[in-house]
1. Within region 256-289, can you find the residues that are in a helix (DSSP H, G or I) and hydrophobic (A, V, I, L, M, F, W, C)?
2. Please return the ranges of helices (runs of 4 or more DSSP H) entirely within region 68-168 where 3 or more residues are surrounded by fewer than 19 Cβ atoms within 10 Å (Cβ to Cβ).
3. Going by the conditions given, is ASP6 under 23 Å from VAL62 (Cα atoms) and in contact (Cβ under 8 Å) with a residue 40 or more places away in the chain?
4. Could you pull out the residue among VAL56, VAL63 that is closer than 16 Å to LEU94 by Cβ and either modelled with pLDDT of 95 or more or more than 19 Å from the chain's Cα centre (by Cα) (or both)?
5. State which residue pairs qualify: first residue under 14 Å from LEU170 (Cβ atoms) and inside region 263-276, second residue within 10 Å of the ligand (Cβ to nearest atom) and assigned to a helix (DSSP H, G or I) in any location, beta carbons under 7 Å apart, and separation of 6 or more residues or different chains.
6. Residue check: is GLY253 over 30 Å from LYS49 (Cβ atoms), outside any loop (DSSP other than H, G, I, E, B) and of a type in the set (Gly, Ala, Ser)?
7. Is it the case that ARG162 is free of Cβ contacts under 8 Å to residues at least 24 places away in the same chain, among the basic types (Lys, Arg) and over 15 Å from ILE300 (Cβ atoms)?
8. Please specify each residue of region 91-116 satisfying the condition of being within 14 Å of the ligand (Cβ to nearest atom), closer than 16 Å to SER42 by Cα and without any contact (Cβ under 8 Å) to a residue 60 or more places away in the chain.
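The values are calculated or read from the model by the stated rules, or taken from the named source; none is laboratory data. Predicted model only: the values in this text are computed from it and were never measured. Cβ sites come from the backbone with ideal geometry, for glycine too, and all protein chains shown count toward neighbours.
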Amino acid sequence: MAKPLDGKQLAAEIRALLAERIATRAEKPGLRLFRVGEDPASVVYVRNKEKSSLEVGIRSEVVVLPEQTTESDLLTRIAESNADPSVDGILVQLPLPGQIRSEAVMEAIDPGKDVDGLTPANQGALTLARPNLVPCTPLGVVALLNRNGVEVAGRHVVVLGRSSIVGRPLSVLLSLKAPWADATVTVAHSRSRNLDGLCREADILVAAMGQPMAVKANWIKPGSAVVDVGIHRIDDPSRPSGSRLCGDVDAAGVSDVAGWLSPVPGGVGPLTVVMLLANTLLAFERRRGLPARPIWEDAIAAGRA
Ligand code: GUN
């Protein structure tokens, strides 16, 4: 039975670190979250982000805009937030309705306030090994591995998926020269040949391709660490609710082979939220010229001593 990579417990520890440091600041960091439309998953995610940020002392506000909002209206609001000194962090929840180009929106966010790490400037800085604000889910995956004592340096990580939010930035982050990274990284995707064979080579397998239960037990190297980034609601007539959550990994089968497995829910998800809070604090400190050290570095390093 694989050992769980528990994100809930670790997220609570990092939240406590954040709350402690925010409590020492006379002014508090401000986070503005934009949600366009009523996508049910986005409603839940944004509510969670708001609640968690308030809990650690961040001033957070949610701006809800109608489904028909135009791109230029959203861009105007982002420009206002860029110019507003009380806003330290800006997050636009994805996906956006079809009439709005998410690339145009990401390009409009001030990179100093880009707490999602998704602007071209911040993705470029990461690729140049000068990480500024780094996407939250990749940070969460790195913390989850390091804090559970999974050796990363020198090992072969296979990342399934090449999205701009998870797969690609995670592959870059894990390849950085740093004691918590230094991995050999393969990025695999829907056109990769011999996908299951590639996965069997992985000391660490990260499933982030967005397909329910696609990773099967016979894809796994025995004893390896498997991180499941996916989250899906699927039909399950055996449950009173008629449905349940699952990830990109067939957890029931994989847990018999893997050495470590992150649960869904309760694995990567809680860390994604906490890294957003860490990025908001970092953006605030940098913008105000306060001593700023990424709390995610502390959070990652603490378990390695
Ligand atoms: N939708 C799903 N994940 C994310 C994320 O990390 N950031 C944003 N802005 N939207 C998302």
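1. So the first thing to find is which residues in region 256-289 are in a helix (DSSP H, G or I), and the list is 268-287.
Residues satisfying the conditions are VAL268, LEU271, VAL273, VAL274, MET275, LEU276, LEU277, ALA278, LEU281, LEU282, ALA283, PHE284.
2. Working: elements: 71-83, 102-108, 120-127, 136-147.
Filter on region 68-168 gives 71-83, 102-108, 120-127.
3. On the way: under 23 Å from VAL62 (Cα atoms): no; in contact (Cβ under 8 Å) with a residue 40 or more places away in the chain: yes.
For ASP6, the condition - under 23 Å from VAL62 (Cα atoms) and in contact (Cβ under 8 Å) with a residue 40 or more places away in the chain - is not met.
4. Step by step, each of VAL56, VAL63 is checked, and only VAL63 is closer than 16 Å to LEU94 by Cβ and either modelled with pLDDT of 95 or more or more than 19 Å from the chain's Cα centre (by Cα) (or both).
5. VAL268/THR137; VAL268/GLY140; LEU271/GLY140; THR272/CYS136; THR272/THR137; THR272/GLY140; MET275/CYS136; MET275/GLY140
6. On the way: over 30 Å from LYS49 (Cβ atoms): yes; outside any loop (DSSP other than H, G, I, E, B): yes; of a type in the set (Gly, Ala, Ser): yes.
Answer is yes for this residue.
7. Values: free of Cβ contacts under 8 Å to residues at least 24 places away in the same chain: no; among the basic types (Lys, Arg): yes; over 15 Å from ILE300 (Cβ atoms): yes.
When the stated conditions are applied, ARG162 does not pass them.
8. Those that are within 14 Å of the ligand (Cβ to nearest atom), closer than 16 Å to SER42 by Cα and without any contact (Cβ under 8 Å) to a residue 60 or more places away in the chain: VAL92, PRO95, SER102.
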